[in-house]
Amino acid sequence: MSFKNKNPRDVEADLVLSDGPQLTRGEKFRRGLRAQSGWLFVAPALILMAVFTFYPIIMAFIHAFQEDYNGANGTYSGWGFSNFVHVVKGDLNRGGADFLQCLVNTLIFTFISVPVSTLLALLISVALNSIKAVQKAYQTILFLPYLTNALAMGAVFATFFTVVGTKSHTETVGIVNLVLGLKDNPINWTDVLSSPKWELGRITIPWANYIVLMVYEVWSGLPFKILILFSALQSINKQYYDAAKVDGASRWTTLWHITAPMVSPQISYLLVTGIMGGMKQYSAVVGIFGEKMGLRYEMGTMVGYIYNYIGEDKYAGLAFAGSLILFVIIMIITWINNKVTKKRTTYR
Amino acid sequence: MKKILTAVIVISLLAAGCLTIFAACAEGGDVDHTIYFYSSQGDALQTITDQAIAAFEAKYPGWTVEHSNPGGYDEVRDKIRQDFPAGTQPDLAYCYADHVAAYMSSNAQYLVDMSEFYTSDRNFSYTYTDGSGAEQTVNVEHIGFTEAETSKFVKGYIEEGYAKNYADYDKYGFSENSLLTLPFVKSTELMYVNRTALMACGIEEPAETWDQLWKDCEKIKAKYPSCTPLGYDSEANWFITMCQQNGWGYTSASGNHYLFNNDNTKVWLGQLAEYYDKGYITTQEDYDAYTSGLFVKGVSNEDGQNGLVYCIGSSGGASHQDPSGLFDFDIVPIPGSKQADGTTNYSCISQGPSLVMLTGGNNASNADEKKIMTWLFVKELLDPTFQAAFSIASGYNPMRTDVFDIETYQKHMAGGSATAKAAAIATELSDRFFASPAFDGSSNARDQVGIALLVAMTGSRDPSRALSEAISACGQ
Amino acid sequence: MLRLLAISSSAAGWILAALVCVIIAELVVVLRLYKRYRYEKSTRIAADAVHIDWSQTQYVRLEQGASELDVEKELKRQKVVGIVKNVFVYIFLTACALLAFLPFYWMIISSLKTEDEYREAVPTFFPRQFQWGNYKAIMNQSTSANSPTFWRILLNTLVVGFMSTTIGVIITVLTAYALARMNFKGKNILFAIMLATMMIPGEMFTLSNYLTVSKLQMRQTYTVLILPFLVSVYYIYLLRNNFMQIPNSLYQAAKVDGLSDMGYLIKVMVPLTAPTLISITLLKFIGTWNSYIWPRLVNEQQWQMITNWVTGSFVDRGNVLYGGRYGDSDPLITLKMAAVCMVSLPLFILFIFCRKYIMRGVSKSGTKG
């Protein structure tokens, strides 16, 4: 903390704020000192963040640009962008996750499951908003998935979809196959090997496996979205609905022409936070598909990619480079979000 | 409100106080006199190992052993990898050769060459302060093994630990006689046979060669259409064992390491795909669980009995293969491959944990003394009485033959349990054992051939594509 | 960018292109919704006027033309339609609630089945025979000294949860107050940097932090589980916004009364934002309860947390329960489910009692602990 270089403008601000009378130089200086006492308040947080947040980030930046960085003994051969090139090319994968595959997976999971669950959450919230009896009970039950642990619940979801058996004899086809009437010709939804998939060069699209993950994502994402949308709906003036009713508008028309626009700030907020959360997807995939995220990380995600390489001595640089790329992607999303939010605030 | 606030402040002050206390008693152990040992033993086996720890601590007062279990074998490796840069590696750990190769490539300076202790006749003494504050001296004579003892060790197991089995060992400052690991307990693969079903199919003796086995499969399948004649737990072991039995080439310690993408393996994988299509085989990944679960179901044309007739799994897992009286079962060596000269090669893989000694952990100020003490703990783990107890509990095979003279072990072997039977057979096979070369990337190669076998067998890839994908996943 | 596309195969390029299309489409939808929102808002007053107009017309029409009977009929018809609609709504909600609850139901019944029943081909939807032994088996620790008891793990979790919430909340309050109310040099930059760290995936910190705590000799302690997670920018941000909503005049009045910053914070701000503070405390506790990766990395079993216990070692219990039929390396899913149930139960109880605060906190912060 240096008080010598105190910014005169801060003192002025303080003066304006306190509306005090004209002050002598000495008093001004003392006030200036006191004005910096905020640093004392933030000091604990700042020290902790310096050690556990800022330092690791700086180290990650450094390692990302160290060529041939070896995580096990800290050696490297020079500086440059080779880690990033290897990440994109995937030529150092050695049976580990492929970045392009992980990127595509993450984008597909996110950009399908987030809108679907937001839409579903909107429908549920509207329904919830239109009833009076046992509303609280429904709300509570629908919130329960929020409290669960992705690793544990992922395993439960996996049992719904998994087929156990051999080629000669199937032991159990799982509830989902039973419900879908696929008892005789079951799809093994959680198995990358035998489930249906599309193969497109370097990338595999195991869509049946995607469905499992997306069902989980929608399920676990609903509580938060319902909560937000429901409280937004409750604050909408009832008059609009009365007007629409008198006008003879159907429920769908009301939903699309009144409700959706009224909660659109919340919807865009949910989409953005959902997408940011989706970009960091990891533990649910491990819970459902195991540590290897499939056979050769076919179901890998960006964070899964980072975890995969961070423990690999010679390839730790890939993890750091990958995390920087992820960081940039999230930054872009945030930037878009900020643009939209700013527009909104200026309007208000 | 004021009361609540006061309460909150008091509580938080208390909490802060507690925090400092907890911080103060951090790492209560004395790192200089504590030996850290990582294993992947479950609770039951840890109880057995506690015997060895108790024996060690009684013999060498002032020293303690802290035994912990980070998880399975891979977790032990991952944990140690993360420990190296932090300088918190243990002094002794479970290992596979692959793991040691990985440690060597990045942190060779922390690996201890145990040959300096192995047969060393030097004496050693240390001092400690006892409970009353007096200095005591403990003398240890002849810290190494005697000639009489080493002659009882299974030679093949010991051989695996020498540096010459590791690629580029000389580059990291080891000589070919450097002893990097010692065997702890060992296992191999055995074939568990449903004798009742075999007899019903008119097969007198379990198959001794693969050709015979495939013929049996046809007969079995004709009689029991919904059963699976053969289950093989480990895809990777199957691939590696076949390469060894037929000399096809899997990996080599030098050169470009990866030899498994060849015409012989392609043809073989093609055959497997055919057999799979006929419903002859399943594996652990295919079935989604250990195939022992299928084996113990039994085989008949009734519902719920769609098991295996032949099941190849670890000798250490024999207790899972016991059908508890549902049918007669037998344990035999795995089938061999007929050679061009008419002989049969019965090679079978050698598995099970070894022990690796590491140094430089936790900034101990007495690294040399600690090395010797760790070595003395290793000796305790290889003690015949302890080896007997551990083998009985785990189903693994002891690493020394004088265990067979111990009464409790003999009693166990005579008991006729599946574990005992398996151990007895596995012991006889020790001259058939092989281990594949270890280098940085060998464990990945192992994973990749396992996947290749799986995808080729189930028909989701043709054999040449499966193998070329595996090769490229090995970085070739 | 061009190089990136060239490297990936053409098929991959197509997928990326398709994805970009999806993203653009979604953006368009969001923007359109947003535009409509703006439009609706600007026409709100007009709509209100129209609304009044309509009701008046209706009223007039009713009075002029229709007889009493017609009104009653119409009301009845509307009532019937309303009931039918409500039935549909309830059916829809019940279906959703059932689907939301199904995994929990599955978890609970699985924890009460025998392993044999669990592994049957066609799953049963209610346990044929309640196997309470599952719970007993996971509670009874095996004899090994190295493996911690359930109570030890629970104690760990409670101690860590309690301390990290109390200290964490104090730090959050202090920081949020300084950022909201005090003027000091570099405040805005500091706040911006803090917010920026929220964008960085936490996984980037894990490895470096592991090295740090190892060098500080903090492993195998509670401290190591508490310290790295004391500062949560999310909650600082949340509380700062809350503080900002408190009118400035209060601050000036307090200054006139001679209250110091600290006094103002404790006597005025904290009581006013108590609900938010309670929410933060609860959410922080839930976060600690669910922590998994970090404790596993830095501490040995004795010092780990409750989620580690769940994913840990029940493989040895098969022998106890089924006498050798399920052996040492066979993971029994029923036991795992029992453990998951036991860990989830306290959270559910907490939720039932503090529903309001948890929901409020979640809706404001949007994070999971």
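The values are calculated or read from the model by the stated rules, or taken from the named source; none is laboratory data. Just so you know, these numbers come straight off a predicted model, no measurement behind them. Cβ placement follows ideal geometry from the backbone for every residue including glycine, while neighbour counts extend to all protein chains displayed.
From the list A:Trp189, A:Trp252, A:Trp256, A:Trp219, which one is under 29 Å from A:Phe143 (Cα atoms) and in a loop (DSSP other than H, G, I, E, B)?
A:Trp189
Among the residues of segment A:77-115, which ones are in contact (Cβ under 8 Å) with a residue 24 or more places away in the chain, within 14 Å of chain B (Cβ to nearest Cβ) and on the phi < 0 side of the Ramachandran plot?
Matches in segment A:77-115: A:His86, A:Leu92, A:Gly96, A:Ala97, A:Asp98, A:Gln101.
What about B:Thr374, is it modelled with pLDDT of 90 or more and in the same structural domain as B:Phe124 (by TED's automatic domain parsing)?
Criteria met by B:Thr374.
What pairs come out if I take residues in segment A:243-266 that are more than 14 Å from A:Leu123 (Cα to Cα) and pair them with residues that are surrounded by fewer than 16 Cβ atoms within 10 Å (Cβ to Cβ) and not β-branched (Val, Ile, Thr) whose C-beta lies under 6 Å away, six or more apart or interchain?
Going by the 6 Å Cβ cut-off, the qualifying pairs are A:Val246/C:Trp54.
Go through segment A:292-312 residue by residue and tally those that are touching a Phe, Trp or Tyr at 6+ places or on another chain (Cβ under 9 Å) and within 12 Å of chain C (Cβ to nearest Cβ).
10
Tell me the residue from C:Leu225, C:Leu239 that is within 23 Å of the chain's Cα centre (by Cα), in contact (Cβ under 8 Å) with a residue 60 or more places away in the chain and closer than 15 Å to A:Leu48 by Cβ, please.
Just one listed residue meets the conditions, C:Leu225.
For segment A:159-194, give me the residue count where each residue is facing another protein chain (nearest Cβ under 10 Å), within 27 Å of A:Val104 (Cβ to Cβ) and more than 27 Å from the chain's Cα centre (by Cα).
5
Among the residues of segment A:222-247, how many are facing chain C (nearest Cβ under 10 Å) and part of a loop (DSSP other than H, G, I, E, B)?
2
Which residues, counting only those in segment B:426-461, are outside any helix (DSSP H, G or I), farther than 16 Å from B:Asn237 by Cα and in contact with a helix residue (DSSP H, G or I) (Cβ under 7 Å, 6 or more places away or on another chain)? Don't jump to the end; show me each part of the working.
Initially, segment B:426-461 is screened for residues outside any helix (DSSP H, G or I), giving B:433-441, B:458-461.
Add one more test, that the residue is farther than 16 Å from B:Asn237 by Cα, and what stays is B:439-441, B:458-461.
Result: B:Phe439, B:Asp440, B:Thr458, B:Gly459, B:Arg461.
Of everything in segment C:290-304, what is away from chain B (no Cβ under 12 Å) and either touching a strand residue (DSSP E or B) at 6+ places or on another chain (Cβ under 7 Å) or free of Cβ contacts under 8 Å to residues at least 40 places away in the same chain (or both)? Give them in sequence order.
C:Tyr292
Could you please find all residues in segment B:426-476 being of a type in the set (Lys, Arg) and more than 18 Å from the chain's Cα centre (by Cα)?
Matches in segment B:426-476: B:Arg461, B:Arg465.
So, in segment B:216-242, of the ones that are of a type in the set (Gly, Ala, Ser) and in a loop (DSSP other than H, G, I, E, B), which residue ends up surrounded by the most Cβ atoms within 10 Å (Cβ to Cβ)?
B:Ser234
Which of the residues belonging to segment B:396-426 are surrounded by fewer than 22 Cβ atoms within 10 Å (Cβ to Cβ), in contact (Cβ under 8 Å) with a residue 24 or more places away in the chain and of a type in the set (Val, Ile, Thr)?
Residues satisfying the conditions are B:Thr401, B:Ile425.
Being within 18 Å of the chain's Cα centre (by Cα) and either basic (Lys, Arg) or surrounded by fewer than 23 Cβ atoms within 10 Å (Cβ to Cβ) (or both) is the filter here, so list the residues in segment B:69-91 that pass it.
Residues of segment B:69-91 within 18 Å of the chain's Cα centre (by Cα): B:69-80.
Those that are within 18 Å of the chain's Cα centre (by Cα) and either basic (Lys, Arg) or surrounded by fewer than 23 Cβ atoms within 10 Å (Cβ to Cβ) (or both): B:Gly71, B:Gly72, B:Tyr73, B:Asp74, B:Glu75, B:Arg77, B:Asp78, B:Lys79.
Give the residue, chosen from B:Leu182, B:Leu213, that is assigned to a strand (DSSP E or B) and over 20 Å from B:Leu326 (Cβ atoms).
B:Leu182
Across segment B:263-290, what is the number of residues that are more than 27 Å from B:His320 (Cα to Cα), of a type outside the set (Val, Ile, Thr) and out of contact with any helix residue (DSSP H, G or I) (no Cβ under 7 Å at 6 or more places or on another chain)?
Residues in segment B:263-290 being more than 27 Å from B:His320 (Cα to Cα), of a type outside the set (Val, Ile, Thr) and out of contact with any helix residue (DSSP H, G or I) (no Cβ under 7 Å at 6 or more places or on another chain): 4 in total.
So in segment C:268-298, with the set limited to residues that are surrounded by fewer than 16 Cβ atoms within 10 Å (Cβ to Cβ) and in contact with a helix residue (DSSP H, G or I) (Cβ under 8 Å, 6 or more places away or on another chain), which one is farthest from C:Asn183 (Cα to Cα)?
Looking at residues that are surrounded by fewer than 16 Cβ atoms within 10 Å (Cβ to Cβ) and in contact with a helix residue (DSSP H, G or I) (Cβ under 8 Å, 6 or more places away or on another chain), I get C:Pro275.
For segment C:207-222, give me the residue count where each residue is of a type in the set (Ser, Thr, Tyr) and either farther than 17 Å from A:Met49 by Cα or modelled with pLDDT under 80 (or both).
3
Residue by residue through segment B:216-237, note down the ones that are over 15 Å from B:Arg432 (Cα atoms) and either of a type in the set (S, T, N, Q) or under 28 Å from the mean Cα position of the chain (by Cα) (or both).
If the condition is that a residue be over 15 Å from B:Arg432 (Cα atoms) and either of a type in the set (S, T, N, Q) or under 28 Å from the mean Cα position of the chain (by Cα) (or both), then B:Ser226, B:Thr228, B:Pro229, B:Leu230, B:Gly231, B:Tyr232, B:Asp233, B:Ser234, B:Glu235, B:Ala236 are the ones that fit.
Check off (1) outside the structural domain of A:Val192 (by TED's automatic domain parsing); (2) buried (at least 19 other Cβ atoms within 10 Å of the Cβ) for A:Phe109 and give me the number that stays unchecked.
Here A:Phe109 clears every test but (1).
Here's a check for you: in segment C:331-358, which residue that is crowded, with 22+ Cβ neighbours inside 10 Å and modelled with pLDDT under 80 is nearest to the other protein chains (Cβ to nearest Cβ)?
C:Ile358
Does C:Phe150 satisfy being under 30 Å from B:Ser40 (Cβ atoms) and more than 14 Å from chain A (Cβ to nearest Cβ)?
Considered against the rule, which asks whether it is under 30 Å from B:Ser40 (Cβ atoms) and more than 14 Å from chain A (Cβ to nearest Cβ), C:Phe150 comes out as yes.
State all residues of segment B:1-43 that are at pLDDT 55 or above, surrounded by fewer than 17 Cβ atoms within 10 Å (Cβ to Cβ), more than 30 Å from C:Thr273 (Cβ to Cβ) and at the interface with chain C (Cβ under 9 Å from one of its Cβ atoms); if no residue qualifies, say none.
If the condition is that a residue be at pLDDT 55 or above, surrounded by fewer than 17 Cβ atoms within 10 Å (Cβ to Cβ), more than 30 Å from C:Thr273 (Cβ to Cβ) and at the interface with chain C (Cβ under 9 Å from one of its Cβ atoms), then B:Gly29 is the only one that fits.
Counting only residues that are over 18 Å from C:Asn241 (Cβ atoms) and in a loop (DSSP other than H, G, I, E, B), which one in segment C:185-198 is farthest from the other protein chains (Cβ to nearest Cβ)?
Per the stated criteria, the residue is C:Gly186.
Restricting to segment C:148-165, name every residue that is surrounded by fewer than 21 Cβ atoms within 10 Å (Cβ to Cβ) and either under 30 Å from A:Gly38 (Cβ atoms) or of a type in the set (Gly, Ala, Ser) (or both).
The one that is surrounded by fewer than 21 Cβ atoms within 10 Å (Cβ to Cβ) and either under 30 Å from A:Gly38 (Cβ atoms) or of a type in the set (Gly, Ala, Ser) (or both): C:Phe162.
Before we move on, is C:Tyr118 closer than 30 Å to C:Ala338 by Cα, surrounded by fewer than 15 Cβ atoms within 10 Å (Cβ to Cβ), out of contact with any strand residue (DSSP E or B) (no Cβ under 8 Å at 6 or more places or on another chain) and not hydrophobic (A, V, I, L, M, F, W, C)?
Criteria not met by C:Tyr118.
Take the conditions farther than 24 Å from A:Gly300 by Cα and crowded, with 18+ Cβ neighbours inside 10 Å and apply them to A:Thr253. Does it pass? Spell out how you get there, then give the answer.
Numbers: farther than 24 Å from A:Gly300 by Cα: yes; crowded, with 18+ Cβ neighbours inside 10 Å: no.
No: the conditions fail for A:Thr253.
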